[in-house]
Amino acid sequence: MGRWLEGPGDPYARGTGGHAVGYRPSRWSAISPWPSRLANRSRTDVVTVTRAKVVEAVRDAAAREAWAEALVASYVWGQGTTSYGPHRLKEILAQPSVPDTLAEAARAVQAHDAVAAYRLLDGAIISLGPAFFTKFLYFVDLALASQAGTGPLALILDRRVSRVLRAHATRVGLDAGLQSAADVAAWIWSDIGWTPHRYDVYLLWMTAATEQLASSRLGWPACHADVLELALFSGAWEPSSGEDTTGTM
């Protein structure tokens, strides 16, 4: 983790706002509403959008309670240049209940916490699974930081992150002498379908791990659990090797 922070992670030592993803605006021409802070959809080249820019787009949308627009901003960032993203998002937005469901989740983040919002979105919108609705919650939580609830920051949980956590849980179980450690870890950290409880465990563990890293001599930024999320997504930590200093799950 220290090597990552000194190398590829150095730009994020004070936060993940500069983390950019490329996308091709013209591929999203059928999507409405379109956030004004994203590039004009007449552009056919690949442009980049940072996490900070998405926060701005979500904040703009939140001021108008345009939650479908906020979803678009987070979804485009999350899909990047993946070709099937626009079609899937169009199907999601076509569901009449989407604006009200997203609004209810945003209110839950503000009034309660990310887990309460996760519970509301879990299975509520067809084709919008945790890997993408946690992106929506993450950016909403950052955009409404001054009004947010008291729980940990909403964090993105997707397949790549869950597989790192699965490897860690497997290793901890094997170290404890649990022969079925791999099977148990594969069940609790599957590729999809994480329960609200599992998301709660994830947020608590990420917060505690961030605090432990910040107290080390690595120079890890305190109060930025999303830096750890980005590090895990980037493959900075391989739990199957090296010394384990992050505790059990």
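Quick notes on this one:
- Test: Ala208 is in contact (Cβ under 8 Å) with a residue 24 or more places away in the chain, among the small types (Gly, Ala, Ser) and open to solvent by 50 Å² or more (accessible area, probe 1.4 Å): yes
- Inspection of segment 54-74 identifies at least one residue that is surrounded by fewer than 14 Cβ atoms within 10 Å (Cβ to Cβ) and assigned to a helix (DSSP H, G or I).
- Of the helices (runs of 4 or more DSSP H) lying entirely inside segment 134-235, those containing at least 1 residues that are within 25 Å of Asp10 (Cβ to Cβ) are 159-175, 196-214, 225-233.
- Residue check, Ser42 under 30 Å from Thr101 (Cα atoms), among the polar types (S, T, N, Q) and open to solvent by 20 Å² or more (accessible area, probe 1.4 Å): no
- Taken together, the residues in segment 130-156 that are open to solvent by 30 Å² or more (accessible area, probe 1.4 Å) and in contact (Cβ under 8 Å) with a residue 60 or more places away in the chain amount to 3.
- Given (1) touching a residue at least 40 places away in the same chain (Cβ under 8 Å); (2) at positive phi, number of the condition Glu65 does not satisfy: (1)
- Taking segment 77-115 as the range and being among the aliphatic types (A, V, I, L, M), in a helix (DSSP H, G or I) and open to solvent by 20 Å² or more (accessible area, probe 1.4 Å) as the test, the residues that pass are Leu93, Ala111.
- When restricted to residues that are open to solvent by less than 60 Å² (accessible area, probe 1.4 Å) and under 20 Å from Asp122 (Cα atoms), segment 157-185 contains 4.
- If you go through segment 5-37 and keep only what is in a helix (DSSP H, G or I) and open to solvent by less than 20 Å² (accessible area, probe 1.4 Å), you end up with Leu5, Pro25, Trp28.
- Hey, Asp100 over 23 Å from Leu230 (Cα atoms), free of Cβ contacts under 8 Å to residues at least 60 places away in the same chain and out of contact with any strand residue (DSSP E or B) (no Cβ under 8 Å at 6 or more places or on another chain) or not: yes
The values are calculated or read from the model by the stated rules, or taken from the named source; none is laboratory data. Computed from a prediction, not measured in an experiment: that's the story for all the values here. Virtual Cβ from ideal backbone geometry, glycine too; neighbours counted across all protein chains shown. Remember, those area values only see protein heavy atoms, side chains included, never the ligands or the DNA or RNA. Shrake-Rupley method; radii C 1.70, N 1.55, O 1.52, S 1.80 Å.
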